[in-house]
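Structure record follows, encoded as structure tokens.
Laboratory data are not the source of any read-out in this text; all were calculated from the coordinates shown. Note that the coordinates shown come from a computational prediction; the quantities given were computed from them, not determined experimentally.
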Amino acid sequence: MAKKLNTTLMLCLLSLLLLVESNNAMTSASSTEAPAPQPSNTTGITEGSLQPQDCSPRCAERCSNTQYKKPCLFFCNKCCAKCLCVPPGTYGNKQLCPCYNNWKTKRGGPKCP
């Protein structure tokens with residue numbers, strides 16, 4: 001009788017384990033769906049899409065998280081005046097604005113923050 005009970009218990013545990021694993025597989029499969037669409041407002045993100053007077057607020061947003069605000073704002077405004085775009089966010093995303101991304105210092109480092 002004890003042997004039959006152990007077998008039944010093992011089958012129940014195996015069934016439960018398979019159920020949990022299949023649920024995890026379904027959850028991970030649904031989380032790999034297409035990413036959410038980007039906002040349609042791309043003003044200032046693509047090269048030449050800003051007006052010169054729009055540079056200052058965009059750069060203030062771009063430099064909002066840095067501890068070096070003055071140099072960040074100076075170079076961001078300089079880059080924006082030349083390229084008429086500022087990448088979105090406080091860091092990265094420079095590939096959206098090639099001019100901003102490709103302007104380098106004499107040493108070859110990035111000029112634009």
Under 5 Å between amide H atoms, partner at least 5 residues away or on a different chain: which partners does residue 49 have, H built in plane at 1.01 Å?
44
Segment 52-102 shape via C-alpha gyration tensor axes, a/c threshold 1.5:
oblate
